[in-house]
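**Q** The structure under discussion is supplied below as structure tokens; questions concerning it will follow.
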Amino acid sequence: MISLLKRLFLIIFINFIDLNIALLFSKIFIIIPLTFLAFSYYVYKSDKNISSLEAFSFGFFVDLISDSYFGLNTIIYCLTTYFINQNANSFKLFSYLQICLFFGLSASAYVGFSQLIINLYNFSYVTLLVSSFANIIFCFFIALIASYFPKRISIKL
């Protein structure tokens with residue numbers, strides 16, 4: 001129970017940072033979905049397979065706290081959880097470069113899907129392209145920090 005509360009508070013904190021950073025980066029057409037990347041990292045690093053019910057409830061919780069349409073994060077979190085759980089053994093064979101590319105491109109797919117739902121008439125390919133490069137670079141940056149400072153960044157799940 002305490003583990004679940006810690007994860008919920010961590011998601012709330014990351015979502016708060018995500019909403020504040022989104023205001024700064026929106027002027028230069030960059031969207032970095034920190035909440036989605038944090039949940040994807042949790043699913044990736046988890047020792048057990050995350051159930052679809054847990055992904056659904058986390059997605060619904062993120063929908064509640066982020067003022068987005070109900071079901072948007074829920075669908076994406078369930079699909080991402082399913083894909084990561086199905087390819088868990090394949091990820092063990094991948095290098096850090098391939099894993100960073102996967103998470104950067106999955107964050108770009110999240111941005112594209114959410115922008116398609118939210119801004120149907122105002123969809124911007126510039127935002128999608130710039131966000132794709134920014135998400136991949138962000139994932140590389142996080143991987144470099146984690147590899148150079150492994151003891152200080154280690155997060156217990």
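**Q** Going by a ≥ b ≥ c, the root eigenvalues of the Cα gyration tensor, does the chain fall in the rounded group (a/c under 1.5), the prolate group (a/b larger than b/c) or the oblate group?
**A** It comes out rounded by the Cα gyration axes.
**Q** Among the Cys residues of the chain, which have no other cysteine Cβ under 4.7 angstrom away?
**A** Result for the chain is C78, no neighbouring Cys Cβ within the cutoff.
**Q** Rounded, prolate or oblate, given the Cα gyration tensor of segment 53-132, with a/c below 1.5 counting as rounded?
**A** Oblate.
**Q** Here's another thing I want to ask about it. Return a whole-number percent for the relative contact order of the chain, with Cα pairs under 8 Å and 6 or more residues apart as the contact set.
**A** 25 percent
**Q** Say a site is exposed when it is one of the trypsin sites (Lys or Arg not before Pro), sits in a DSSP loop, and has at most 12 other Cβ atoms within 10 Å; what is then the longest site-free stretch of the chain?
**A** 93-155
**Q** Just in segment 100-132: which chymotrypsin sites (Phe, Trp or Tyr not before Pro) are loop by DSSP and have at most 14 other Cβ atoms within 10 Å?
**A** Y121, F123
**Q** Let me ask something else. Which order results if F39, F141 are arranged by neighbouring Cβ count within 10 Å, fewest first? Could the numbers behind the result be given before it?
**A** Working: F39 25, F141 11.
Listing F39, F141 from fewest to most nearby Cβ atoms yields F141, F39.
**Q** Related question: Give me the distance between the Cα centres of segment 47-116 and segment 1-32, rounded to whole Å.
**A** Using only Cα atoms to place each centre, the spacing works out to 15 Å.
All of the numbers you see were taken from the coordinates with simple rules; none came from a lab. Just so it is clear, the model here is predicted, and its values are computed rather than measured. Note: ideal-geometry Cβ built from the backbone for every residue, glycine included; neighbour counts use all protein chains shown.
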